[in-house]
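Following: one structure in C-alpha cells, then a few remarks.
Please treat every number below as a calculation from the coordinates, not as lab data. Values in this document were obtained by computation on a predicted structure and should not be read as measured data. Because the Cβ atoms are built from the backbone with ideal geometry, glycine has one as well, and the counts that use them run over all protein chains shown.
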Amino acid sequence: MEKKVVESKELKESKEFQEILVKHGVVLAYLFGSHAKGTARAFSDVDIAVLLPYDTPRSKFFDVRLALTDALMSLLGKNEIDVVVLNEATPLLAYQVVRYGKIVYEDKITSPSTSFIVRVIKYYADTEHFRKISLKYLNAAMYQYRSQRTAVALREKADG
C-alpha cells in the first residue's frame, strides 16, 4: 500500500469521499491532526472527525466509526485511519478539532458547521474550570509521586 500525505483539498474534491460520508449519515467532517497542520509524514495516521445527526442513537456510533474507518482505508490506501465521532468527543477534543482542523465535508441542506462550532466553544468554555481543577490534582499527584521516588532512591543509595 502506498503511503502518502492526505490534503484537505483532496478530500473536499473527492466525490468518493463525499459519497462515503453521505452513505454513513455524516453531516459534518473535519480533517485534523498532522495532515491538517501540514506536518504529516507518509506514515502519519489520518485523523477524521465526523458529526452525525444529533438524533443518532449512541449505540450506532461504534458501528459508524468502524464502517467509516474501513471505507476510508480502502479509499485512501492507508491503514492508519483514526475516525472520531464528534457527538461523543470530550469538550477538549472537539475544541481542538474545531480550532485546528479543516472542514472537508458539510451537508448542504443542514449546514451544521456554524451552530456546531458555537456549541463546541460554549461547552469548552463551560468546562474550563473543571479542567483546571483536574490539572491541579494531577500536578499534585505527580509531585507527590516524584517526591516518594526521590526519597526511595536516596534511601537505596544510603543503604547501598
- Message: Using helices alone, I'd like the mean residue ellipticity at 222 nm for the chain: each DSSP H run of four-plus residues gives -39500 (n - 2.57), total over residue count, nearest 500.
- Response: -18000 deg cm²/dmol
- What FRET efficiency would be calculated for the residue pair Leu75, Ala125, taking the C-beta separation as r and a Förster radius of 30 Å, to the nearest 0.05? 0.25
- GNM flexibility winner over the chain from Ala42, Ala67, Ala94 (Cα, springs under 10 Å): Ala42
- Message: Students often forget the sequence filter, so: which lysines lie under 26 Å Cα-Cα from Lys136 once same-chain residues fewer than 8 apart are removed?
- Response: Lys122
- Message: Using Cα springs under 10 Å in a Gaussian network model of the chain, which residue among Ser147, Ser59, Ser134 shows the largest mean-square fluctuation?
- Response: Ser147
- Give the value in nm², to one decimal: projected area of the alpha carbon convex hull of the chain, averaged over all directions. 13.5
- Task: Express the relative contact order of the chain as a whole percentage, based on alpha carbon pairs under 8 Å and six or more residues apart in sequence.
- Result: 26
- Query: When only C-alpha pairs under 8 Å and at least 6 residues apart count, what is the relative contact order of the range 50-93, in percent?
  - Reply: 54
- Note on the structure: For Thr90 and Asp55, extending 7 Å from Cα along the Cα-Cβ vector and measuring point to point gives, in nm, a value of 3.2
- Between the range 87-123 and the range 145-159, how many Å separate their Cα centres? 47
- Note on the structure: Listing Thr127, Thr90, Thr114 by rising number of other beta-carbon atoms within 10 angstrom, fewest first, gives Thr114, Thr90, Thr127
- Which of Lys37, Lys157 has the fewest Cβ neighbours within 10 Å, and the rest in rising order: Lys157, Lys37
- Taking the Cα centre of the chain as origin and charging only Cβ (+1 Lys, Arg; -1 Asp, Glu), how large is the dipole, in debye to the nearest 20? 680
